[in-house]
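Novice: Starting off with a structure, shown below.
Derivation of every value follows stated rules applied to the coordinates shown; laboratory data play no part. It should be emphasised that the depicted structure is a prediction, and the values quoted were computed from it without experimental measurement. Positions of Cβ are backbone-derived with ideal geometry, glycine not excepted, and every protein chain shown enters the neighbour counts.
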Amino acid sequence: MIADLDPVIHAPKRLAAMALLAVSTQATFPTLRERLAISDSDLSKQMSALEAAGYVEVRRSGRGRGSVTSFRITDPGRAAYRRHREALEAILGTADEAATT
Amino acid sequence: METSRTDLEQARREMRRAELSPFVDYPRLGAWYPFAWAAWAAALVGVLHVHLDSAPLQLLVVLSPTLTALAFLSWYARRHGALPRDRRLTPRPLARLARLLWAGQLAVLVAAFAADVAVGPALSAPLAALGAGLVVAWYEHRYAAIADRLRREVEA
């Protein structure tokens, strides 16, 4: 069942980013950085991995100091996140049952 | 993939916290917001009674509350940074509260419409303003309390 976990999403920071994006219309770079409590460079690295997997798309609006980078989850990303979430819940649910029997 | 049960439990906690974040980590709008809603509701009723000779100007006036609402939503979405969207993952107490908000606004709309037909905008506009303002003030207060509670629960 561990094999059902998506290795791209499973990294804690990427999982948190996908969880937030899965319930949002989109999220700006500063918002993700603040909510995940990570540095600019770390967030860039994590989001690049998700973008390379086709799980998120990046949008840049404006120019110069007023420019904003936003991320939006893609349909394949949403599906992958749901599968990962279900796998995680199933593993822990099974583990909980095993522990109580 | 070397993953212990503790790691998975930690991952699930982080995942649930992140899923909750767009709903409970939001910029508070302050005391002005219910008053703005009240003014908007009064304007919405008022513009329906404005009759101008110029058709484009008439259209602009009638659409102005809608355009104002869209501009506000756009501003708030930027300020929020991650506006919630997936209703299936909306925390139940907040989903219930949202249903009460819409029911309250519908009741205000019906009352304002009845007042408009019976008396006119002199009654319907202030009624819409008072009703919408009170409903939104109550909603904002309840939302903040529920969001605080949910945040504490997930961080415990």
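Novice: Counting alpha carbon pairs within less than 8 Å and at least 6 residues apart, what relative contact order, in whole percent, applies to the range A:2-94?
Specialist: Details: 98 pairs, mean separation 33.5, N = 93.
With pairs under 8 Å counted, the relative contact order is 36 percent.
Novice: While we're on this one: Can you list residues from other chains, or at least 5 along the same chain, whose modelled amide H is less than 5 Å from the amide H of A:SER24?
Specialist: Excluding prolines and chain starts, which carry no amide H, the hits are B:ARG85, B:ASP86.
Novice: OK, next. Quick one: which residues, 5+ away or cross-chain, put their amide H under 5 Å from the amide H of A:VAL56? H built at 1.01 Å from N.
Specialist: So A:VAL56 has HN proximity to A:GLU51, A:THR74.
Novice: Moving on to the next point. Could I have the simple spin-label model distance between B:SER74 and A:SER67, label points 7 Å from Cα toward Cβ, reported in nm to one decimal?
Specialist: The answer from the label model is 2.1 nm.
Novice: Please pull out the direction-averaged projected area of chain B, using the convex hull of its alpha-carbon atoms, in nm² to one decimal place. If you can, show how the numbers build up before the last one.
Specialist: Working: hull surface 49.4 nm².
If you wrap the Cα atoms of chain B in a convex hull and average its projections, you get 12.3 nm².
Novice: If you don't mind, there's one more thing I want to ask. Identify which of B:TRP75, B:TRP138, B:TRP40 has the largest mean-square fluctuation in a Gaussian network model of chain B, with springs joining Cα atoms closer than 10 Å.
Specialist: B:TRP75
Novice: Dividing the convex hull volume of the alpha carbon atoms of the range A:2-94 by its residue count, what do you get in Å³ per residue?
Specialist: Numbers: hull volume 8.8 nm³, N = 93.
Enclosed volume per residue, from the Cα hull, is 95 Å³.
Novice: Using θ = phi - 60° and the Karplus relation 6.51 cos²θ - 1.76 cosθ + 1.60, list the HN-Hα couplings for the range B:52-61 in order, rounded to whole Hz, with x at every Gly or Pro.
Specialist: Computed from phi, the couplings for the range B:52-61 are 10, 6, 7, 5, x, 5, 4, 4, 4, 5 Hz.
Novice: Given only helices, namely DSSP H runs of n ≥ 4 each adding -39500 (n - 2.57), what is the per-residue ellipticity at 222 nm of chain B, to the nearest 500 deg cm²/dmol?
Specialist: On the way: 5 runs with 124 residues, N = 156.
Computed mean residue ellipticity for chain B: -28000 deg cm²/dmol.
Novice: Right, something else. What nm distance separates the two modelled labels at B:PHE35 and B:ARG87, each placed 7 Å from Cα along Cα→Cβ?
Specialist: Taking the simple label geometry, B:PHE35 and B:ARG87 are separated by 3.3 nm.
Novice: Let me ask something else. Just the projected area, averaged over all directions, of the convex hull on the alpha carbon atoms of the protein assembly as shown: how many nm²? Let's see the in-between values first.
Specialist: Details: hull surface 73.5 nm².
Hull-based average projected area comes out at 18.4 nm².
Novice: A follow-up question, please. Through the Karplus equation 6.51 cos²θ - 1.76 cosθ + 1.60, θ set to phi - 60°, convert the phi angles of the range B:144-152 into ³J(HN,Hα) values in whole Hz; use x for Gly and Pro.
Specialist: So the Karplus estimates, Gly and Pro as x, are 4, 5, 5, 4, 4, 5, 4, 5, 5 Hz.
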